[in-house]
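Each remark here refers to the structure printed beneath this line.
Throughout, read-outs are computed from the coordinates displayed, never taken from laboratory work. Small disclaimer: the values here were computed from a predicted structure and weren't measured. Cβ placement follows ideal geometry from the backbone for every residue including glycine, while neighbour counts extend to all protein chains displayed.
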Amino acid sequence: MDIKDATRKAALELYEKAGLKDGQVVMVGCSTSEVAGHHIGTHSKAEIGAEIFNELNIVFSERNVGLAAQCCEHLNRAVIVERKYAAGFNIVNAVPVPEAGGAFAAAAFKGFNDPVALEAYQADAGIDIGGTLIGMHLKPVAVPLRLDVRLIGEAIVIAARTRPPLIGGSRTIYDGNLL
């Protein structure tokens, strides 16, 4: 399966399995180096970042789900989102490029209509392409999802959804729709 097809399939499967709703946001971390078969952070590829971003942006925007792009460690894993998803989060001044921020985040910054960089975020679900460690930008209780798509290019794909924390004890009754 090529990169475009694998990306689309993974995004659609995450959308379904996570039960995403209008206005929710998906965090994506992507090492284009890993997609290309190299060690993370060593061979950033702008064309791969753009291809993956474009496919994810189409899938999620068609479903009214926001897309957030995690930058690499050189920008302290800042997050690129459309401004409309930034309410309540700290905007920082950084423009990602392939060498500092990563090719995927750089593609998001170029591809969004009104991009902003945020210091941190709490998304409703996520896709980690190539071991970029997106957990810091997911809501507090992340639930792993096993997708049929295990690789995009040569990069391992891991996905998660989030749920509200369960509080109480053995007598507590939980809303099954939120699990």
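Values for this structure:
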| quantity | calculated |
| --- | --- |
| C-alpha center-to-center spacing [the range 1-21, the range 25-39] in angstrom | 15 Å |
| Residue order, fewest to most beta carbons within 10 Å, for Tyr174, Tyr85 | Tyr174, Tyr85 |
| Normalised contact order of the chain, rounded percent, pairs of Cα under 8 Å and 6 or more residues apart | 26 percent |
| Residue-averaged 222 nm ellipticity for the chain, from DSSP H runs of 4+ at -39500 (n - 2.57), nearest 500 | -8000 deg cm²/dmol |
| Residue (of Ala86, Met27, Ala142) at the positive-pole extreme of the chain, dipole from beta-carbon charges | Ala142 |
